[in-house]
1. Across the stretch 95-113, which residue is farthest from residue 131 (Cα to Cα) among those that are surrounded by 13 or more Cβ atoms within 10 Å (Cβ to Cβ) and of a type in the set (D, E, K, R)?
2. Is it the case that the stretch 59-77 has a residue that's over 27 Å from residue 211 (Cα atoms), at pLDDT 95 or above and part of a strand (DSSP E or B)?
3. Which ones in the stretch 179-212 are within 17 Å of residue 224 (Cβ to Cβ), at pLDDT below 95 and small (Gly, Ala, Ser)?
4. Applying the selection to the stretch 140-163, what residues are farther than 20 Å from residue 199 by Cβ and loosely packed, with under 15 Cβ neighbours inside 10 Å?
5. Every residue in the stretch 107-156 that is part of a loop (DSSP other than H, G, I, E, B), touching an Asp or Glu at 6+ places or on another chain (Cβ under 8 Å) and acidic (Asp, Glu), please.
Amino acid sequence: MADKATISAPSTPVETAPARPNRNALSRGRIAAILGMLTVIGIVAGMAYWFAQQKYIYTDKASVTAPLIKLAPHAPGELKKVYVEQGDTIAANRAVARVGDEMLMSVVRGTVIDVKKDLGAIYTPGSAVVTMVDPRELRVMAQIEEDKGLKDIHEGQRVLFTIDAFGSRQYEGIVEAVSQTNRLGDVVFNISDKREEQEFDVKISYDRNEYPELQNGMSARVWIIR
């Protein structure tokens, strides 16, 4: 008698659920990627700053200025009359005020930046009634500390500067002169003693016809190209 064949049902493959991603591992990976990116950005920014420091000498201690022209009497007298206003642009040899019997006259064409109007007050020689500037003498005057690149500044260097009143607009000029003597600086402290920061004036000229909006007293930021 023949053996009976045994028929078995085909086995059904067992499906296994996909492994769940390890959230902690993903978080660590993202954090590592972000830190790596920040490190690269920091290195690039640091290099950009270093290269900028090599290319420019920067200061925000700067302003547009001109020598003051002070009109005062030759002899003591009472201020009797004033003929000009602050902001006026006046010609040379124009009467600006009367002190006693003396008429004060402008010596150059310029802009009035200060006027005394206390009629009846006594003014003496050296006491200015009217103060002016000659627009032709306007310069950007920058203060540079002796250890912040002063040795690399010389006449004829190209300069970029901005004026606070005009935001980020960029102006150009050239170094006209570097002061041969220091100006009084701030007192700084170190571990051993007390010293002064030695600052020197750098005079920067520019095309006054191209930038007529620049006025005496405006604050500036300066980049001198090495």
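1. 102
2. Step one: filter the stretch 59-77 for residues over 27 Å from residue 211 (Cα atoms), giving 71-77.
In the following step, the residues that additionally are at pLDDT 95 or above were identified as 71-77.
If we keep only those that are part of a strand (DSSP E or B) as well, we get 71, 77.
Yes, that holds for at least one residue.
3. Residue satisfying the conditions is 179 alone.
4. To start, the set of residues in the stretch 140-163 that are farther than 20 Å from residue 199 by Cβ comprises 156, 158, 160, 162-163.
Passing the criteria: 156, 158.
5. 146, 155
The values are calculated or read from the model by the stated rules, or taken from the named source; none is laboratory data. Remember, predicted model here, so these are calculated numbers, not experimental data. As a convention, Cβ positions derive from the backbone with ideal geometry for all residues, glycine included, and neighbour counts pool all protein chains shown.
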